[in-house]
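J.: Sending over a structure as structure tokens; questions will come in a sec.
Since every read-out is calculated from the coordinates, none of them should be taken as a lab result. Not measured: the values here are computed from a predicted model. Neighbour counts run over all protein chains shown; Cβ positions are idealised from the backbone, glycine included.
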């Protein structure tokens, strides 16, 4: 691992979105830069909401960050360009372009920078997220995550343990949180203003860099929360009936005819699916090890508000060959071993369940009861008095 | 410090805006030229299409005239008889 120390500029792009900016700025304030030094610059693209720019400036300067409001609205690509230009002009080593509907983990800087430090040909490094195109760890309850910065830190630490700084070459980076070395920006240039108010500009930039011999990488060791299209939709930048997305896709297709087939090839391969499975399983097993877990037989994936409990669910009839595990909106599948559900989860987690719940009767439920009775360590706490599923 | 930052970003923003304007102007000129070329091509193709339509109509009329002649009907019958006898 490289022990170089970089000067990094985080350029946070703001356009209204008051409800998102607070949590994002708080997470920036908690960030640990490791051997690097980091400055934050908030680029307010002439937000039109009355009074918001003043409040944004106060919040930003109170945290010791730089703030700049453009005299006129530039649109996302040209606002990104301002951040990139500032990074080049002020001799930073890298810039991180950041959407304001994100919450960052404390380990963002070392994990996102590592692929760029280790490979001179990496033009961009994109974070893993709950919402980043095909590079996502899906979460069913992502609105909860925005208020849980500690959980974002914890997930990102687990991802770093699992992937240990791996860098996966991808067809393009994703602009919600993308790091780029300034020496590459000097070579490749800026975002193309033809993308107007924004969408696909970062794809164009990445593909332009690829045509010059660089590559874009995904940094799965870094997990960033991303609300996703929240501000662009809320502010009417992209909406139903709008032709922006189609028009920008058309430009990309015209300029880079191989891009779509590269995306399809990546999706069809097991690379991203495999990483997603590893990531999700890591979250579940680590949480189960740290906090205990529940084993239940149920036909329904019910959780009665207990999102923070790790639950391994077994089909009561034993029809499924896997266990489904859930925790804080993340879901992972684990193959069911021949010895039964209880030995399987104990082998996965390394400890017995703290609780067993049987909601529905069936062959597998009966086996589980017998296994639990033999093990004797875990009490069966509840049994539903009637069928859980109506029909 | 904040003032110095704003001044610096104003300068960068203005310089880049001028570059963007120059680029946008060049692109407008290029697109206009290509639009004019494409428009000319459309006009030429439309004119060619009209000529071909007229020619096609003339051939259709000639064909109908031939089909309605006694000689054509006689030849058709002879052809049918030949086919029936396998000649």
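J.: In what sequence do A:226, A:36, B:51 fall when counting other Cβ within 10 Å, fewest first? The partial results should precede the final answer.
T.: Numbers: A:226 24, A:36 17, B:51 10.
Neighbour counts put them in this order, fewest first: B:51, A:36, A:226.
J.: Okay, which of region A:178-200 sit inside 17 Å, backbone N to the point 7 Å along the Cα-Cβ direction of residue A:253?
T.: Zone members listed by number: A:200.
J.: For chain A, with equal point scatterers placed on the C-alpha atoms only and solvent neglected, what are the log10 I(q)/I(0) values from the Debye formula at q = 0.06, 0.13 1/Å, to two decimals?
T.: Result of the Debye calculation: -0.28, -1.04.
J.: Tell me, what is the FRET efficiency for residue B:28 and residue B:2 to the nearest 0.05, using R0 = 30 angstrom and their Cβ-Cβ distance as r?
T.: 0.20
J.: What average number of partner chain Cβ atoms lie no more than 10 Å from the Cβ of the residues making up B:12-24? Provide the component values of the computation, followed by the final result.
T.: Numbers: counts 10, 12, 1, 2, 8, 7, 0, 3, 7, 1, 0, 3, 2.
Mean partner-chain Cβ count within 10 Å for B:12-24: 4.
J.: Rounded to the nearest 5, what % of DSSP beta bridges with both residues in the protein assembly as shown are antiparallel? Let's see the in-between values first.
T.: On the way: 21 of 60 bridges.
So the antiparallel bridges in the protein assembly as shown amount to around 35 percent.
J.: Ordered by packing density, taken as the mean number of other Cβ atoms within 10 Å over each peptide's residues, highest first, how do A:283-289, A:356-362, B:24-30, A:103-109 rank? Spell out each step's value before the answer.
T.: Numbers: A:283-289: 22.3, A:356-362: 19.9, B:24-30: 10.6, A:103-109: 25.4.
The peptides rank, most packed first, as A:103-109, A:283-289, A:356-362, B:24-30.
J.: Which residues does the label zone of residue B:40 cover in region B:13-31, counting backbone N under 15 Å from a point 7 Å along Cα→Cβ?
T.: B:30-31
J.: In peptide A:190-202, what is the residue-averaged number of other protein chain Cβ atoms found within 10 Å of each Cβ? Write down the numbers at each step before the final one.
T.: Numbers: counts 3, 0, 2, 8, 3, 0, 0, 0, 0, 0, 0, 0, 0.
Whole-number average of other-chain Cβ neighbours for A:190-202 is 1.
J.: Out of all DSSP beta bridges in region A:292-383, what portion is antiparallel? Express it as a percent rounded to 5. Please list the in-between numbers first.
T.: Working: 9 of 21 bridges.
Antiparallel bridges make up about 45 percent of those DSSP assigns within region A:292-383.
J.: Ranked highest first by the average count of other Cβ atoms within 10 Å around their residues, in what order do A:76-85, A:163-172, A:257-266, A:89-98 fall?
T.: Details: A:76-85: 25.1, A:163-172: 18.9, A:257-266: 13.3, A:89-98: 21.6.
Averaged packing, sorted descending, gives the order A:76-85, A:89-98, A:163-172, A:257-266.
J.: Limiting things to C-alpha atoms, what are the Rg and the maximum Cα-Cα separation (Dmax) for region B:2-85, in angstroms?
T.: For region B:2-85, the Cα radius of gyration and maximum Cα-Cα distance read 34.0, 105 Å.
J.: Rounded, prolate or oblate: which one fits region A:292-383, using the alpha carbon gyration tensor with axes a ≥ b ≥ c (rounded when a/c is under 1.5, else prolate when a/b beats b/c, else oblate)? Display every interim value, and only then the final one.
T.: Values: a/c = 1.25, a/b = 1.23, b/c = 1.02.
It is rounded, given that a/c, with a ≥ b ≥ c, falls under 1.5.
J.: Against the longest alpha carbon principal axis of chain A, how many degrees, from 0 to 90 and to the nearest 10, is the axis of helix A:52-62 turned?
T.: Value to nearest ten degrees: 80.
J.: Cα axis of helix B:70-85 to longest principal axis of chain B: angle in degrees, 0 to 90, nearest 10?
T.: 80
J.: Tell me, B:79, A:52, A:205, A:6 in order of fewest to most beta-carbon neighbours within 10 Å? Please list the in-between numbers first.
T.: Numbers: B:79 10, A:52 17, A:205 31, A:6 21.
Placing the least packed residue first, the sequence is B:79, A:52, A:6, A:205.
J.: Take the alpha carbon gyration tensor of region A:40-150, find the square roots of its eigenvalues, order them as a ≥ b ≥ c, and report rounded if a/c is under 1.5; if not, report prolate when a/b exceeds b/c, else oblate.
T.: It comes out oblate by the Cα gyration axes.
J.: Report, to the nearest 10°, how far helix A:244-255 tilts away from the longest principal axis of the Cα atoms in chain A, using its own Cα long axis and a range of 0 to 90°.
T.: On a 0 to 90 degree scale, this one is about 80.
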